[in-house]
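Colleague: Here you go, one structure.
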Amino acid sequence: METTTLQLTIDCADPRKLVTFWAEALGYVPEPPPGGHATWRAYWAEMGVPEAELPPGAGETPESIVDPEGRGPRVWFQQVPEPKVAKNRVHLDLKVGGGRGVPPAVRTQRVAAKVERLTAAGATVLRIMDEPDMEYYAVVLQDPEGNEFCVV
């Protein structure tokens, strides 16, 4: 039977900035280079990746994050030359509220606390979705490079 694993790849201008931000947002850690290599760039060089294929500074610091408990997918921040120009077609939902089994006031407090930490880390709030009649509270944010995500 075929095995499929998931890696989330996010195009960006500054991988180091997003590694720091998303490690905080997800509770992940920067992924260390494999096999005792000092840097990812050293690892890639040993694997035969031509120097011409690597942007200046690529791989000198971690460009990916991993779940320290091994449950969630690896997230790689791929440096690209073009800027983000449109709304994301896919976004992440950070589900911190606890779901419908948790009282709405508690869910709202959990979401607000996470949003406060993420704005301190560089996120920007785009809008608050507060629907008391539906017992729904979520916040739409952007990471430091403008990628949208929700805290629910």
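The values are calculated or read from the model by the stated rules, or taken from the named source; none is laboratory data. In this text the structure is predicted, and so the values were computed from the model without any measurement. Please note: Cβ atoms are built from the backbone with ideal geometry, for glycine as well, and neighbour counts cover all protein chains shown. Accessible surface areas use protein heavy atoms only, side chains included; no ligands, DNA or RNA. Shrake-Rupley method; radii C 1.70, N 1.55, O 1.52, S 1.80 Å.
Colleague: For Thr119, indicate whether it is touching a Gly at 6+ places or on another chain (Cβ under 9 Å), closer than 29 Å to Gln7 by Cβ and hydroxyl-bearing (Ser, Thr, Tyr).
Modeller: no
Colleague: Would you check which residues across region 94-104 are open to solvent by 80 Å² or more (accessible area, probe 1.4 Å) and modelled with pLDDT of 95 or more and list them?
Modeller: Matches in region 94-104: Lys95 only.
Colleague: Follow-up. Just to be sure before I move on: is Val85 modelled with pLDDT under 90, open to solvent by 90 Å² or more (accessible area, probe 1.4 Å), farther than 24 Å from Val111 by Cβ and of a type in the set (A, V, I, L, M) in the structure I sent?
Modeller: yes
Colleague: Which residue is farthest from Val151 (Cα to Cα), if the candidates are limited to region 17-57 and must be touching a residue at least 60 places away in the same chain (Cβ under 8 Å) and open to solvent by 50 Å² or more (accessible area, probe 1.4 Å)?
Modeller: Lys17
Colleague: Give region 59-72 a look and list any residue that's of a type in the set (Gly, Ala, Ser) and open to solvent by less than 50 Å² (accessible area, probe 1.4 Å), or say none.
Modeller: Gly59, Ser64, Gly72
Colleague: Here's something else I'd like to know. Can you tell me how many residues within region 83-100 are free of Cβ contacts under 8 Å to residues at least 24 places away in the same chain and among the charged types (D, E, K, R)?
Modeller: Residues of region 83-100 free of Cβ contacts under 8 Å to residues at least 24 places away in the same chain: 85-86, 89-90, 98-99.
Then keep just the ones that are among the charged types (D, E, K, R); that gives 89.
So the answer is 1.
Colleague: Would a scan of region 136-149 turn up a residue that is closer than 30 Å to Leu54 by Cα, surrounded by 13 or more Cβ atoms within 10 Å (Cβ to Cβ) and aromatic (Phe, Trp, Tyr)?
Modeller: Yes: region 136-149 contains one or more residues that are closer than 30 Å to Leu54 by Cα, surrounded by 13 or more Cβ atoms within 10 Å (Cβ to Cβ) and aromatic (Phe, Trp, Tyr).
Colleague: For region 115-143, what are the residues that are in contact (Cβ under 8 Å) with a residue 60 or more places away in the chain and touching a Leu at 6+ places or on another chain (Cβ under 7 Å)?
Modeller: Going through region 115-143, the residues in contact (Cβ under 8 Å) with a residue 60 or more places away in the chain turn out to be 117-118, 121-123, 143.
Answer for region 115-143, where residues must be in contact (Cβ under 8 Å) with a residue 60 or more places away in the chain and touching a Leu at 6+ places or on another chain (Cβ under 7 Å): Leu118, Ala123, Asp143.
Colleague: Within region 98-109, is there a residue that is part of a helix (DSSP H, G or I), touching an Asp or Glu at 6+ places or on another chain (Cβ under 9 Å) and closer than 21 Å to Ala13 by Cα?
Modeller: No, region 98-109 contains no residue that is part of a helix (DSSP H, G or I), touching an Asp or Glu at 6+ places or on another chain (Cβ under 9 Å) and closer than 21 Å to Ala13 by Cα.
Colleague: Within region 122-130, can one find any residue that is of a type outside the set (A, V, I, L, M), outside any loop (DSSP other than H, G, I, E, B), farther than 30 Å from Asp11 by Cβ and open to solvent by 60 Å² or more (accessible area, probe 1.4 Å)?
Modeller: For region 122-130, residues of a type outside the set (A, V, I, L, M), outside any loop (DSSP other than H, G, I, E, B), farther than 30 Å from Asp11 by Cβ and open to solvent by 60 Å² or more (accessible area, probe 1.4 Å): present.
Colleague: Of Val75, Val90, which residue is within 15 Å of the chain's Cα centre (by Cα) and open to solvent by 70 Å² or more (accessible area, probe 1.4 Å)?
Modeller: On inspection, the qualifying residue turns out to be Val90.
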